[in-house]
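Participant: Would you mind keeping the following structure in view while I ask a few things?
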Amino acid sequence: MKKYNQLYINGQWHTSTESRLLEVINPASGQIYTSVVSATQQDAEDAINAASNAFLSWSKQSAAFRAQVINEIADGMQQRADELTHAIVQSMGCPIGIARDLQVQGAIDAFRQFSLLTGEMDKQEEHENHIIINEAVGVCVLINPWNYPLSQLVGKLGPALAAGCTVVVKPAEQTSVQDLILAEIIHQTSLPKGVFNLITGVGSEIGETLCSHPKVDMVSFTGSTLAGIKVAQAASSTVKRVCQELGGKSPLIITPDADLVAAVRYGIEDVMLNSGQTCCALTRMLVHKDCIEDVEKIAKQACTEWTLGDPLLADTSMGPLSSHNQQKIVLNYIQKGIDEGAKLVCGGVSIPEEFSAGAYVPATVFSNVNNAMTIAKEEIFGPVLCIIGYDTIEQAIDIANDTVFGLSSGVYAKNHDNAVKIAKQIRAGQCYLQGAYFNTDSPFGGYKQSGNGREWGLEGLKEYTETKALVIS
């Protein structure tokens with residue numbers, strides 16, 4: 001496999017000031033997949049300077065040209081979709097079918113949609129004594145996670161380019177390869193030098209420079225709440241904008257009169273997809289206490305369809321977690337659930353022998369869970385679902401809101417109107433009604449410790465703009 005020993009800065013491949021490489025491990029086998037260079041603080045400085053120097057001319061480009069470039073990049077991504085898919089499968093273990101359709105094709109389609117929003121920057125609101133216009137916020141640092149690496153990058157890079165911003169991209173060290181392929185694609189397009197810069201490396205080593213640098217106008221970060229706090233602290237010294245999508249412990253309220261089979265199967269699919277490594281996963285399933293026994297049976301049966309397998313095989317539904325460290329974290333949470341008295345419906349800490357070399361964890365469901373338990377309070381980020389009982393809908397809403405997080409939620413009721421009434425009372429940035437799925441037209445972001453700001457669609461574009469008032473006499 002090709003080793004990536006250079007960074008992409010100012011429109012060219014750049015040799016780092018040091019030659020240290022980071023190993024990228026295939027979590028399905030535990031073997032080395034490839035290696036990428038570990039950027040230094042000086043590399044970060046060089047990338048920021050390149051983005052700063054390119055900003056003025058890029059922000060003045062026409063909306064039509066920015067749209068053209070976005071589509072050029074999308075075309076290049078489409079031509080190399082198989083390579084992008086392979087990189088995600090090999091570096092994070094996502095099954096190839098899911099990686100191809102959801103993580104890659106979905107990202108390409110979403111990226112192309114941002115070309116339709118470039119014209120928003122030319123719009124202005126005229127009032128009696130002032131005119132409101134929007135301008136690009138400036139140099140943006142985009143720090144991306146490992147669970148949906150290409151999708152999360154697209155959700156930041158698309159609106160940044162559409163608005164006229166320049167960027168420094170820092171992917172998770174575990175999943176950098178698809179970003180490096182994207183840099184190769186961008187190198188062949190009309191995007192001016194310095195608009196897109198990519199540095200790979202360890203966040204603890206270069207994050208402070210990226211987030212605190214005075215030439216950086218905005219930081220967009222997706223990751224854990226703990227890391228998000230550090231990002232915000234580093235950015236605070238220069239009072240720059242910080243957009244964050246952080247942790248979640250999202251509830252799914254199922255009413256007693258809902259289609260129980262459909263609702264529970266939907267909840268299982270939502271949690272087990274991507275081996276549970278989804279920030280907005282509906283990991284707390286709230287059901288009426290009279291229904292718990294039936295829910296357990298449905299959930300256990302549904303989990304039999306989410307079996308462990310080689311992520312390179314087309315029929316695999318559940319691959320490994322992203323790393324052996326993540327596997328250890330999730331297995332510790334499962335053991336904690338057992339120790340605290342939750343009922344283990346299926347799954348657990350035992351790994352089949354044939355998967356012992358990989359970072360696998362089976363689909364796991366707990367019942368008899370209450371909100372005081374660790375597994376109900378903390379984000380596990382693995383294929384683990386908690387079933388929690390309630391007596392009344394009012395109590396269910398209280399349980400749903402009894403969390404420091406507020407990223408997502410779901411309601412499955414008898415009908416749409418009933419679901420809307422409940423959804424309006426949940427403190428979360430999104431609510432999926434009656435089995436709805438994530439879409440990139442809807443604004444995405446959290447309440448409370450799940451972050452601030454919004455990604456995707458028009459609201460996502462606005463995060464990368466400043467509002468200016470032209471006051472007239």
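The values are calculated or read from the model by the stated rules, or taken from the named source; none is laboratory data. In this text the structure is predicted, and so the values were computed from the model without any measurement. Positions of Cβ are generated from backbone atoms using ideal geometry, with glycine treated the same way; all protein chains shown enter the neighbour counts. Surface areas here come from the heavy atoms of the whole protein model, side chains and all, with no ligands, DNA or RNA. Shrake-Rupley method; radii C 1.70, N 1.55, O 1.52, S 1.80 Å.
Participant: Please identify the pairs in which a residue from the range 95-120 that is small (G, A, S) has its Cβ atom under 8 Å from the Cβ atom of a residue that is not in a helix (DSSP H, G or I), counting only partners at least 6 apart or on another chain.
Facilitator: Hits for this filter: G97/A314; G97/D315; G97/T316; A99/P311; G106/T440; A110/T440; A110/W456.
Participant: Here's a follow-up. Answer yes or no: is there a residue in the range 465-473 that is at positive phi and in contact (Cβ under 8 Å) with a residue 40 or more places away in the chain. First the steps, then the outcome.
Facilitator: Initial filter on the range 465-473 (at positive phi): none.
No; the residues of the range 465-473 include none that is at positive phi and in contact (Cβ under 8 Å) with a residue 40 or more places away in the chain.
Participant: Then there's this: Please specify each residue of the range 164-186 satisfying the condition of being out of contact with any strand residue (DSSP E or B) (no Cβ under 9 Å at 6 or more places or on another chain) and buried (at least 24 other Cβ atoms within 10 Å of the Cβ).
Facilitator: Q178, the sole residue that qualifies.
Participant: Contact list please: Cβ distance under 9 Å, first residue in the range 415-433 and open to solvent by 100 Å² or more (accessible area, probe 1.4 Å), second residue part of a loop (DSSP other than H, G, I, E, B), pairs at least six apart or on different chains.
Facilitator: Pairs that qualify, where the first residue is open to solvent by 100 Å² or more (accessible area, probe 1.4 Å) and the partner is part of a loop (DSSP other than H, G, I, E, B), are H416/Q434; K421/A413; K424/C431; R427/T403; R427/G406; R427/S409; R427/Y447.
Participant: Can you name the residue in the range 77-101 that is open to solvent by 10 Å² or more (accessible area, probe 1.4 Å) and among the small types (G, A, S) and, of all such residues, is modelled with the highest pLDDT? I'd like the intermediate steps shown before the answer.
Facilitator: Looking only at the range 77-101, we keep the residues that are open to solvent by 10 Å² or more (accessible area, probe 1.4 Å), and these are 78-83, 86, 90, 96-98, 100-101.
Remaining after also requiring among the small types (G, A, S): 81, 97.
Working: A81: 98, G97: 95.
Among those that are open to solvent by 10 Å² or more (accessible area, probe 1.4 Å) and among the small types (G, A, S), it is A81.
Participant: Given the residues E128, E173, E184, E205, which is the only one that is modelled with pLDDT of 95 or more, of a type in the set (D, E, K, R) and out of contact with any helix residue (DSSP H, G or I) (no Cβ under 6 Å at 6 or more places or on another chain)?
Facilitator: Values: E128 fails: modelled with pLDDT of 95 or more; E173 fails: modelled with pLDDT of 95 or more; E205 fails: modelled with pLDDT of 95 or more.
Matching residue, one of E128, E173, E184, E205: E184.
Participant: Then there's this: Given the conditions (1) within 30 Å of H324 (Cα to Cα); (2) surrounded by 20 or more Cβ atoms within 10 Å (Cβ to Cβ), which single one is not true for I9?
Facilitator: All conditions pass for I9, except number (1).
Participant: Is it true that some residue in the range 43-59 is aromatic (F, W, Y) and closer than 19 Å to G155 by Cβ? It would help to see each step written out before you state the result.
Facilitator: To start, the set of residues in the range 43-59 that are aromatic (F, W, Y) comprises 55, 58.
Filter again for closer than 19 Å to G155 by Cβ, leaving none.
Checked the range 43-59: no residue is aromatic (F, W, Y) and closer than 19 Å to G155 by Cβ.
Participant: Go through (1) open to solvent by less than 40 Å² (accessible area, probe 1.4 Å); (2) without any contact (Cβ under 8 Å) to a residue 40 or more places away in the chain and name the single condition I399 misses.
Facilitator: Here I399 clears every test but (2).
Participant: Oh, and also: So, V154, is that one under 22 Å from the mean Cα position of the chain (by Cα), at pLDDT 95 or above and open to solvent by less than 20 Å² (accessible area, probe 1.4 Å) or not?
Facilitator: Numbers: under 22 Å from the mean Cα position of the chain (by Cα): yes; at pLDDT 95 or above: yes; open to solvent by less than 20 Å² (accessible area, probe 1.4 Å): yes.
Against the criterion (under 22 Å from the mean Cα position of the chain (by Cα), at pLDDT 95 or above and open to solvent by less than 20 Å² (accessible area, probe 1.4 Å)), V154 qualifies.
Participant: When L84 is evaluated against the numbered criteria (1) over 22 Å from K468 (Cβ atoms); (2) assigned to a loop (DSSP other than H, G, I, E, B), which criterion, by number, is the only one it fails?
Facilitator: Going through the list (1) over 22 Å from K468 (Cβ atoms); (2) assigned to a loop (DSSP other than H, G, I, E, B), L84 breaks only (2).
Participant: Turning to a different aspect of this structure: Using the structure shown, decide if D43 is charged (D, E, K, R), at pLDDT 95 or above and open to solvent by 70 Å² or more (accessible area, probe 1.4 Å). Quick ask: steps written out before the conclusion?
Facilitator: Numbers: charged (D, E, K, R): yes; at pLDDT 95 or above: yes; open to solvent by 70 Å² or more (accessible area, probe 1.4 Å): no.
It is false that D43 is charged (D, E, K, R), at pLDDT 95 or above and open to solvent by 70 Å² or more (accessible area, probe 1.4 Å).
Participant: Restricting the search to the range 1-55, which residues are part of a strand (DSSP E or B), of a type in the set (A, V, I, L, M) and closer than 24 Å to S190 by Cα?
Facilitator: Of the residues in the range 1-55, the ones part of a strand (DSSP E or B) are 4, 7-9, 12-14, 21-26, 31-37.
The next check asks that each one be of a type in the set (A, V, I, L, M); those that pass are 7, 9, 21-22, 24-25, 32, 36-37.
Within the range 1-55, L7, I9 meet the criteria.
Participant: Go through the residues of the range 349-359 one by one and say whether even a single one is assigned to a helix (DSSP H, G or I) and open to solvent by less than 70 Å² (accessible area, probe 1.4 Å).
Facilitator: Let us first name the residues in the range 349-359 that are assigned to a helix (DSSP H, G or I), namely 353-355.
Now narrow it down to the ones that are open to solvent by less than 70 Å² (accessible area, probe 1.4 Å): 355.
Yes.
Participant: For the range 210-231, name all the residues that are modelled with pLDDT of 95 or more and either surrounded by fewer than 19 Cβ atoms within 10 Å (Cβ to Cβ) or over 25 Å from Q326 (Cα atoms) (or both).
Facilitator: Listed by number, the residues that qualify are L210, C211, S212, H213, P214, K215, V216, D217, M218, V219.
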